[in-house]
Each structure stands twice: as structure tokens, then as C-alpha cells.
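In what follows, a single structure is set out as C-alpha cells and then discussed.
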Amino acid sequence: MCVENTPPPSSRLTRRGVLAGAAALAGTTAVVAASAPPANAAGGREGRPTGGDLVIEGGTLLDPSTGEVTEDAVVVIVDGVVRSAGRRGRADVPAGAEVLDAHGSWILPGLVDAHIHLNTAAEARDAVLRGATSARSGSTNFFQDIAVRELARQAPEQAPRLRAAGVFVTPDLGDTVLADPELTPLARLRDGVRSPEALRRVVQVNLARGADVIKTRVNERAGLPEQDPLAQVYDREQLSAVVAAARRGGKGVLCHSYSEKGCDDAVMAGIRSLEHGAFVGERTLHEMRRRGTYFTPTLTAIAGLVDSSDPVLAERGRQYLPVLKRAVLAAHELGVPLAAGTDSSGGKIKPIGREVELMRAAGLSALDAIRTATTGAAKLLGLERTAGRLARGFAGDVLLVDGDPLSDVTVLKKPVRVVRSGIAL
């Protein structure tokens with residue numbers, strides 16, 4: 001049995017209800033109107049800024065794009081957007097503006113977590129406090145990430161700027177069939193979501209709900225002991241169907257991958273970014289460089305398996321982590337673009353600074369490791385003119401850290417202060 005290839009439901013008719021349900025699941029109280037216009041750079045709507053005014057002065061400013069270090073710097077943020085950033089005396093400081101003293105600290109742009117699962121408002125807030133002021137969702141079960149995205153636009157201090165993935169395109173949707181009435185016919189499929197029609201249906205529903213990206217998989221999960229991460233669940237043709245459906249909506253695809261063949265099939269199918277990718281082969285890495293395919297290795301998640309109480313998962317972590325580190329270094333040396341992502345989920349938000357630490361441990365320089373969570377990840381998310389730097393016109397998202405991250409990237413794991421859209425937290 002397969003699902004008829006019918007047009008997706010009208011987002012005008014149903015998106016309000018979906019956002020309302022997702023907002024309730026995410027712990028939010030405000031429901032965003034379906035017909036509301038897109039947010040502006042500062043996070044507000046219809047030109048109404050939701051960001052704050054703030055002057056940060058006295059610290060050492062790092063620009064990840066150039067590597068330039070500026071001592072005794074001043075960053076001026078107005079309506080949540082950087083007006084100026086540079087050495088003291090060169091900035092026009094607004095009279096009466098709130099001042100944040102950064103003497104003794106280093107000033108960096110807020111970090112980007114390119115793979116995270118945010119299901120509640122509490123998780124979203126925790127991600128910001130741990131340094132991730134921008135992020136890309138790795139999917140949620142009931143469109144909670146779309147509600148979190150709207151929360152971030154209305155109250156930026158409560159959530160990272162988010163690219164939402166909606167629901168996972170996977171053979172077994174489980175309870176996700178209840179995320180939208182248009183998904184419920186898929187529950188009757190004997191072999192799950194595998195046919196071109198079924199795959200397109202899930203993508204179309206995501207697009208109708210306003211997903212920014214599409215998430216799918218080629219292998220089983222590493223974090224479940226009963227699953228084999230090297231077992232392939234979709235072939236290249238099926239992945240190509242997902243990519244084609246996403247492209248028709250103007251969206252890219254991130255793909256959960258582990259095995260060498262799975263990684264290759266995913267890249268050849270045209271995905272935008274390879275997630276996890278422990279056993280990605282050299283030939284595939286060369287193809288990724290040629291295509292500009294990103295690699296989001298989620299080292300933090302694999303390293304976390306090592307400490308698991310489950311012996312299968314602990315052994316899997318011990319085996320996979322060194323392999324993945326070698327893959328990261330090989331990718332970097334070949335020129336494959338890298339993006340940092342923690343794969344945080346289940347209510348446990350890990351600091352994005354930990355991923356930077358592991359990128360450094362894999363062999364990247366400190367500056368290049370920082371770039372994976374700033375300029376590199378920002379470009380993957382289409383935020384290269386918004387996030388990843390503190391320069392005029394960029395978002396007023398800032399991290400203050402107690403130490404020189406170029407000497408010790410571990411300081412990024414515990415920011416002493418976070419500023420989101422000009423609001424000091």
C-alpha cells in the first residue's frame with residue numbers, strides 16, 4: 001500500500017492549530033498567528049524590535065572570521081543588532097545606554113549549535129545559557145521546534161534563533177503520526193514510510209507547517225543498544241526522493257548517517273549536510289568538498305556514549321569516537337566545511353563549547369574549531385550575515401568567557417555571561 005501523491009494541506013488553514021499544539025507542548029503560552037509576517041533581523045515583527053540596547057566594554061574581542069583580536073573593545077548593540085564593534089574610542093556610544101563591564105573577559109559572538117533537539121521552552125532557554133544563541137533543529141516529534149522558533153522571535157532571551165526541521169522523515173514514524181492529521185494515513189503502511197509517495201508526503205507536511213530544513217536518515221541509531229548504526233534503512237533512490245521533495249520547497253536536507261556506504265549514498269543523493277558520519281570514506285569526503293556538502297559530526301554525542309551505563313553503548317562510543325575524530329580531521333584537511341552540533345536531546349542540553357573542545361581534540365587549530373561553531377555553522381544555516389561575528393548589522397548575540405579561547409577552547413563550555421539580541425542574561 002502507498003499513499004496517494006496528493007497536495008499538502010493548506011498551511012493557511014491548519015498552521016495556526018499546529019503552532020498552538022506545538023506551543024503547548026513546548027511550554028509556551030503565546031500562540032503565534034499563522035498569518036503573521038516574517039520576523040526582522042532583531043527578532044521582531046512588522047519592524048517592531050524585540051531586542052535590547054546594550055554597550056559591552058573593556059574586554060578582548062575576537063572576530064572568528066579574520067582571527068583579529070582587539071583589546072579594550074567596545075560593542076554597541078541597538079534594538080538587538082550590532083551598531084559597532086571595535087577598539088574603544090572608535091564607537092559612538094548612545095547616551096544613557098546600559099553598560100556591561102567586560103574587563104578581564106574575552107568577547108565572542110554567540111555560538112551556533114547546528115544539531116540540537118529542543119522540545120520545551122526550558123530546553124530552549126538552557127541552550128542559550130550554555131552559549132548557543134543560534135541553532136538548527138535535528139527534528140522533534142510534534143513540531144515543537146517550529147513553536148520554539150516563534151518563541152525566539154517574540155522573546156529572544158528565551159530561545160536560540162532557530163532553523164526548524166519539523167518531524168523526522170524515517171521509516172517508522174511512531175507517535176509522530178499524531179503530529180498532524182495528514183500523517184495518519186501513513187500508519188497503515190505495512191513497510192513504513194518507504195515508497196516515494198510516502199516520503200514525499202512527510203516532506204510536504206513539514207513544508208506546509210513551515211519547516212526550514214528537512215531531516216532524514218540513512219542508518220539506524222547509535223544511541224539505542226538494540227539498533228545497529230551500520231544498518232541501512234533507506235537506499236540512494238529513497239534519499240533522492242526526499243531531497244527532490246525538499247528542493248521543490250526550496251529546502252535542504254540533513255541526514256543521520258554512520259556507515260561508509262550510507263554516507264556515500266546520502267551525499268550522492270544531494271543532501272546539504274551529513275550528520276554524525278563516523279565511517280565516512282575518503283572518496284565521499286572528496287565528493288562532499290566538490291559539492292559543498294557540510295559535515296556535522298556531533299562528536300559530543302558520540303563521546304557521551306563512552307560514559308553510558310549500558311555496556312553496548314559504552315563499547316560503541318569507545319570504538320566510534322577515535323574513528324570519527326580521524327574523519328573530522330581528514331574532512332578539515334580536504335576543505336570539507338564543518339559545523340558544530342551537540343545532538344542534545346531528552347532534556348539534557350550540552351554546551352556547544354564541548355563540541356568546539358572535541359573539534360580541537362580532533363586536530364583542528366583553536367581558531368578553526370571556534371569557526372565550526374560560529375562562521376562555519378552560521379553559513380550552513382543561512383545566517384552568515386546574522387550570526388557568527390560581532391560586526392555592524394549582525395545580531396547582538398554575545399558570549400563573555402573567562403580566558404583566552406585561542407589558548408584554551410574549554411573556556412567556551414562555561415560562559416560567564418550570555419547576551420541574546422542585546423539582552424544580557
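Contact map, segment 189-204: residues that are touching a residue at least 12 places away in the same chain (Cβ under 8 Å) and part of a helix (DSSP H, G or I) paired with residues that are open to solvent by 50 Å² or more (accessible area, probe 1.4 Å) and of a type in the set (A, V, I, L, M, F, W, C), Cβ distance under 7 Å, separation 6+ or inter-chain. Pairs shown: E197/C2; A198/C2.
Looking across segment 364-381, the residues that are open to solvent by less than 10 Å² (accessible area, probe 1.4 Å) and closer than 22 Å to V75 by Cα come down to I370, A373, T374, A378.
Tally up the residues in segment 71-80 that are surrounded by 13 or more Cβ atoms within 10 Å (Cβ to Cβ) and on the phi < 0 side of the Ramachandran plot, please.
6
Out of G250, G262, one residue alone is in a loop (DSSP other than H, G, I, E, B) and either at positive phi or buried (at least 17 other Cβ atoms within 10 Å of the Cβ) (or both). It is G250. Only a single item in (1) at pLDDT below 90; (2) of a type in the set (K, R); (3) open to solvent by 40 Å² or more (accessible area, probe 1.4 Å) is not met by R83, and it is number (1).
The numbered conditions (1) in contact (Cβ under 8 Å) with a residue 40 or more places away in the chain; (2) closer than 22 Å to G346 by Cα are all true for E182 except (2).
Considering V401, V416, V411, the condition of being buried (at least 24 other Cβ atoms within 10 Å of the Cβ) and either of a type outside the set (K, R) or over 17 Å from the mean Cα position of the chain (by Cα) (or both) is satisfied by V401 alone.
Filtering E315, E384, E357 for residues that are acidic (D, E), open to solvent by less than 50 Å² (accessible area, probe 1.4 Å) and free of Cβ contacts under 8 Å to residues at least 60 places away in the same chain leaves a single hit, E357. If you filter segment 42-57 down to residues that are at pLDDT below 95 and assigned to a strand (DSSP E or B), you find that the one that is nearest to R153 (Cα to Cα) is R45. What do you reckon, is I302 closer than 18 Å to V128 by Cα, out of contact with any strand residue (DSSP E or B) (no Cβ under 7 Å at 6 or more places or on another chain) and either buried (at least 22 other Cβ atoms within 10 Å of the Cβ) or without any contact (Cβ under 8 Å) to a residue 12 or more places away in the chain (or both)? Taking the combined requirement at face value, the residue does not satisfy it. Of the residues making up segment 318-343, just one is open to solvent by 20 Å² or more (accessible area, probe 1.4 Å) and in contact (Cβ under 8 Å) with a residue 60 or more places away in the chain, namely D343.
Yes/no matrix, rows are residues, columns are (1) open to solvent by 20 Å² or more (accessible area, probe 1.4 Å); (2) at pLDDT 95 or above; (3) of a type in the set (S, T, N, Q); (4) part of a helix (DSSP H, G or I):
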site: D212; (1), (2), (3), (4): yes, yes, no, no
site: R221; (1), (2), (3), (4): yes, yes, no, no
site: P229; (1), (2), (3), (4): no, yes, no, no
site: Y234; (1), (2), (3), (4): no, yes, no, no
site: E237; (1), (2), (3), (4): yes, yes, no, yes
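Of the residues making up segment 156-188, those that are assigned to a loop (DSSP other than H, G, I, E, B), touching a helix residue (DSSP H, G or I) at 6+ places or on another chain (Cβ under 6 Å) and more than 11 Å from N141 (Cα to Cα) number 3.
Quick check on this structure: which one of R385, R420, R316, R354 is at pLDDT 95 or above, basic (K, R) and touching a strand residue (DSSP E or B) at 6+ places or on another chain (Cβ under 8 Å)?
R420
Restricting attention to segment 94-147, the residues that are on the phi > 0 side of the Ramachandran plot and surrounded by 24 or more Cβ atoms within 10 Å (Cβ to Cβ) total 3.
The values are calculated or read from the model by the stated rules, or taken from the named source; none is laboratory data. Just so we're clear, the structure is a prediction, and the values are computed from it rather than from any experiment. Every residue, glycine among them, receives a Cβ derived from its backbone with ideal geometry; neighbour counts consider all protein chains shown. When the accessible area is computed, the model is the full protein with side chains, heavy atoms only, and any ligands, DNA or RNA have been set aside. Shrake-Rupley method; radii C 1.70, N 1.55, O 1.52, S 1.80 Å.
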